[in-house]
Amino acid sequence: MPDAISAGAATAMTAAPFLQRREIILVLMTLGAGTFCDESDTTGTTYKTAADWLNVHDGEHVERLIRFDLDALHGEDVTETVADAWLDGFDQSPEEEHKVPAFVRTSQAWERWCADFGTQRAPLRQAVHGTLNHRQQFGTGLR
């Protein structure tokens, strides 16, 4: 008998969470003239998506984000993933760049978002109208 679960639903059910209990986020930050590394307080916590992680952690002063597995002692750069999630909730224009964290502004996600912003919000195009005065438009009978 065929399985009733669609392929999309099956993928969603089996997709690994963004951050598992045995993983932490190593945050590389620039403060003043120095670069610092900090460890997020996520040990023992699972976050399904990068957006869930962003709801708890801000990205101020962050340059890069590394998901680090404490069991395997292996790290993976997740800066682009988190930048994409951050931009999903950003409802302003590229002119508001000063409100965007550094890790987002320097990401490929920002470049894609800005390009998409220009295409999605193309300027309104209307037919050009002349500058005729009332006599030219309606005749000489108006005074």
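Remind me, relative contact order of segment 17-121 in percent, using alpha carbon pairs under 8 angstrom and six or more residues apart?
Dividing the mean separation by the residue count of segment 17-121 yields 25 percent.
Provide the gained length on full extension for the span Asp77 to Asp116, in nm with one decimal, where the gain is 0.36 nm per separating residue minus the Cα-Cα distance.
Value of the extension gain: 11.6 nm.
How big is D for segment 17-121, in µm² s⁻¹ as a whole number, if Stokes-Einstein is applied with the Kirkwood radius of its Cα pairs at 25 °C and 0.890 mPa s?
Reported coefficient: 170 µm²/s.
In debye, nearest 20, what is the charge dipole magnitude of segment 17-121 about its Cα centre with +1 on Lys and Arg Cβ and -1 on Asp and Glu Cβ, if you could check?
100
Net charge around Leu54, counting only other residues with Cβ within less than 13 Å of its Cβ (Lys, Arg = +1; Asp, Glu = -1)?
Net of charged neighbours comes to -4.
How large is ³J(HN,Hα) for each residue in segment 20-34, as worked out from phi by the Karplus curve 6.51 cos²θ - 1.76 cosθ + 1.60 (θ = phi - 60°), to whole Hz, x for Gly and Pro?
Rounded to whole hertz, the list is 9, 4, 8, 10, 10, 10, 8, 10, 9, 10, 10, 10, x, 9, x.
Which order, highest average first, do 92-104, 59-71 follow once you tally other Cβ atoms within 10 Å for each residue and take the mean per peptide?
Averaged packing, sorted descending, gives the order 59-71, 92-104.
Only the coordinates and a few stated rules stand behind these numbers; no lab work does. Given the structure is predicted, the values throughout are model-derived calculations rather than measurements. Cβ: placed from backbone, ideal geometry, glycine included. Neighbour counts: every protein chain shown.
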